[in-house]
1. I'd like to check something: does the range 56-70 contain any residue that is among the polar types (S, T, N, Q) and at pLDDT 95 or above?
2. Of the residues in the range 21-69, how many are at positive phi and either touching a residue at least 40 places away in the same chain (Cβ under 8 Å) or assigned to a helix (DSSP H, G or I) (or both)?
Amino acid sequence: MIAWKLRVSFHPKMPKSIYTDEYQHFLSELKEARVRADVTQEQLAESLGEHQTFVSKVERGVRRIDVVELRLWLAALNTSFPDFCSQLDSRLARHIRASIGAHKKAR
């Protein structure tokens, strides 16, 4: 038991994802999926059985959603989960490439 505690103590903690650029990209992709579907926050909220403020809070990062809620959210937008994940992955890849490029220029 002691060895396990020592091993764990040497691993750095993961940052809270809500404070990362990647999470902000997730939120942007979430909002853009709604906009691409030509659905208002009010319409989405009604489809989800929620209030408009719920949708607003999720899109602003005030309220987090889990993967099950994400699937329901996307279904209400007639957007497939794999398509959303692909879009998000592409966005994150562009972000990483841009970050690497900026880092190389700074040298």
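1. Yes, the range 56-70 contains at least one residue that is among the polar types (S, T, N, Q) and at pLDDT 95 or above.
2. Going through the range 21-69 one residue at a time, the tally reaches 1.
The values are calculated or read from the model by the stated rules, or taken from the named source; none is laboratory data. Quantities reported herein were computed from a predicted structural model and do not represent experimental measurements. Every residue, glycine among them, receives a Cβ derived from its backbone with ideal geometry; neighbour counts consider all protein chains shown.
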